[in-house]
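Just below is one structure, and these are the notes that go with it.
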Amino acid sequence: MRQKLIKANFKVIEKNFIKTKKIDFQIDAFNEFVIFTSKNAVKSVLKSDYSNSTKLKKIFCVGQKTKTFLEKKNFIVQECVNYAEELGSEIVKKYQNSSFTFFSGNIRKNTLPNLLNENNIKWNEVRVYETSLKSKKMKTEIEGILFFSPSAVESYLTKNKLKNQTCFCIGNTTAKALENRTKNIKIAAQPTVENAIEEVIKYYK
């Protein structure tokens with residue numbers, strides 16, 4: 001992905017502004033379906049004692065990359081959408097009487113939990129990984145910034161200010177984290193790294 005920008009004659013600086021790590025967890029109740037909203041959660045479950053029992057469940061997930069990764073690891077994906085809000089709407093519409101176990105991280109939006117609670121859908125949450133911020137001061141002058149998560153936005157803004165840079169976001173949730181900081185926001189046509197990079201190339205060319 002990085003090479004695609006370099007081949008298009010962009011100078012690219014790549015920095016990790018967040019760090020994720022697997023944490024130990026226990027499942028007290030395993031419901032009918034399983035929800036994954038990130039690939040990090042899948043990786044954490046795969047490294048746990050619950051990997052095989054989770055593979056017996058049908059999966060609801062957010063993101064095409066997460067779906068591809070799940071299927072590669074022999075999970076059965078029942079539903080896949082681009083955003084947590086869409087997933088909540090799909091569950092409310094078609095699975096009102098079902099129950100769900102949601103594997104999550106320590107930093108997550110309340111969008112999906114709120115939708116499930118408001119519609120009296122049975123669910124439980126199991127925290128399986130942690131995200132921590134790794135902010136650093138950027139000394140190089142930059143024209144455009146690619147953001148791939150709201151956490152990365154938060155981390156970047158801890159030690160850096162936005163001036164006139166154009167911010168390219170992988171999706172609407174990431175863009176929302178920037179809405180009170182800048183008007184210079186471009187959102188990828190589809191929430192994938194590939195589409196975010198295409199947006200950069202299209203904008204500057």
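Matching residues to (1) surrounded by fewer than 20 Cβ atoms within 10 Å (Cβ to Cβ); (2) hydroxyl-bearing (S, T, Y); (3) in contact (Cβ under 8 Å) with a residue 40 or more places away in the chain; (4) touching a Leu at 6+ places or on another chain (Cβ under 8 Å):
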{"position": "N160", "(1), (2), (3), (4)": "yes, no, no, no"}
{"position": "K163", "(1), (2), (3), (4)": "yes, no, no, no"}
{"position": "T166", "(1), (2), (3), (4)": "yes, yes, no, no"}
{"position": "I185", "(1), (2), (3), (4)": "yes, no, no, yes"}
{"position": "A188", "(1), (2), (3), (4)": "no, no, no, no"}
{"position": "P191", "(1), (2), (3), (4)": "no, no, yes, no"}
{"position": "N195", "(1), (2), (3), (4)": "yes, no, no, no"}
From the list S53, S44, S89, exactly one residue is within 19 Å of W123 (Cβ to Cβ) and surrounded by 18 or more Cβ atoms within 10 Å (Cβ to Cβ). Which is it? S44
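Being part of a loop (DSSP other than H, G, I, E, B) and closer than 20 Å to V62 by Cβ is the filter here; which residues of the stretch 127-177 pass it?
Answer for the stretch 127-177, where residues must be part of a loop (DSSP other than H, G, I, E, B) and closer than 20 Å to V62 by Cβ: F148, S149, I170, G171, A177.
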Filtering the stretch 103-126 down to residues that are out of contact with any helix residue (DSSP H, G or I) (no Cβ under 7 Å at 6 or more places or on another chain), part of a loop (DSSP other than H, G, I, E, B) and surrounded by 15 or more Cβ atoms within 10 Å (Cβ to Cβ) yields R108
Failed condition for S132, given (1) touching a residue at least 24 places away in the same chain (Cβ under 8 Å); (2) surrounded by fewer than 19 Cβ atoms within 10 Å (Cβ to Cβ); (3) farther than 19 Å from I18 by Cα: (3)
Show the residue pairs that are 6+ apart or on different chains and have beta-carbon atoms under 6 Å apart, the first residue being within the stretch 67-82 and closer than 19 Å to A189 by Cα, the second being assigned to a strand (DSSP E or B) and of a type outside the set (A, V, I, L, M). K67/C61; K67/C80; C80/C61
If you scan the stretch 48-95, which residues turn out to be polar (S, T, N, Q) and either at pLDDT 95 or above or not in a helix (DSSP H, G or I) (or both)? S48, S51, N52, S53, T54, T66, T68, N74, Q78, N82, S89
Here the residues within the stretch 189-205 that are in a loop (DSSP other than H, G, I, E, B), over 14 Å from the mean Cα position of the chain (by Cα) and closer than 20 Å to V12 by Cβ are K205
Given the criteria closer than 22 Å to P191 by Cα, in contact with a Gly (Cβ under 7 Å, 6 or more places away or on another chain) and touching a residue at least 24 places away in the same chain (Cβ under 8 Å), does S38 qualify? yes
T174 surrounded by fewer than 19 Cβ atoms within 10 Å (Cβ to Cβ) and among the polar types (S, T, N, Q): no
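The values are calculated or read from the model by the stated rules, or taken from the named source; none is laboratory data. This one's a predicted model, so the numbers in the text were calculated from it and none came from an experiment. Cβ atoms come from the backbone with ideal geometry, glycine included; neighbour counts cover every protein chain shown.
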